[in-house]
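Following: one structure in structure tokens, then a few remarks.
The values are calculated or read from the model by the stated rules, or taken from the named source; none is laboratory data. Predicted model only: the values in this text are computed from it and were never measured. Every residue, glycine among them, receives a Cβ derived from its backbone with ideal geometry; neighbour counts consider all protein chains shown. For the accessible areas, the whole protein counts, side chains as well, though only heavy atoms, and no ligand, DNA or RNA atoms are used. Shrake-Rupley method; radii C 1.70, N 1.55, O 1.52, S 1.80 Å.
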Amino acid sequence: ILLLIFHCPGWPGYNLELFNYPEHYHGDIENVYIPHGVIMDRIESIARDILEDLGQHTLMVLCVLKGGYKFCADLVDSIKAQSRSTNCPLTVRVEFIRLKSYLNDRSTEDLHITGPDDLSVLRGKAIVGTGKTMMSLLKHVVTFQPKTIKVAGLLVKQGPNGAAMLPDYVGFVIPNHFVVGYALDYNEYFRDLDHICVISEKGKLKYKV
């Protein structure tokens, strides 16, 4: 069962005064859209779903850097913690790959994939990929003949005709806001925010390249 958690398009986010966040970002974000605690609760639920679906396999997690590293780390920790409470603790391995397609707040067609050239360790494994730019990566990964491929995405942005390609495991479906924090960046800034926040126009101009 794929459970989708939607945020209302008109949802204004949480007032910044309710949260602690780095002083140097004051004025650069509009609101806290998804608090860190809500993120962690949702990841625990995703980990449980993954264990129910793939728990009998050795699991290889392919983490998409840099934006996916916190989601991946917290997801793997939750999978391992929950598997230890079962009679069949799960073996989890992690590989890393990097995708880069954004310039400022625009996604470009110039997608760069960097990482291990030889992903033969994926052959015959159950793969959970984490990250936000998946189509090109999936074409690359499938050439190494994994047994199963599942995609886990913390955020899916909802376009005019609904959400685009949905991962197998979805954290939240959100409107087409440019969000930062929890390792998501704007030109390498804001990764140090614990919460997922909407960047302000001032922040876009301040860190524009």
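Structure summary
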read-out: Tally, over region 46-57, of residues that are open to solvent by 20 Å² or more (accessible area, probe 1.4 Å) and either part of a helix (DSSP H, G or I) or among the β-branched types (V, I, T) (or both); value: 5
read-out: Those residues of region 58-82 which are without any contact (Cβ under 8 Å) to a residue 60 or more places away in the chain and either under 11 Å from I43 (Cα atoms) or open to solvent by less than 10 Å² (accessible area, probe 1.4 Å) (or both), in sequence order; value: C72, A73, D74, V76, D77, S78, I79
read-out: Residues of region 124-156 satisfying the condition of being among the charged types (D, E, K, R), modelled with pLDDT under 80 and open to solvent by 60 Å² or more (accessible area, probe 1.4 Å); value: K132, K139
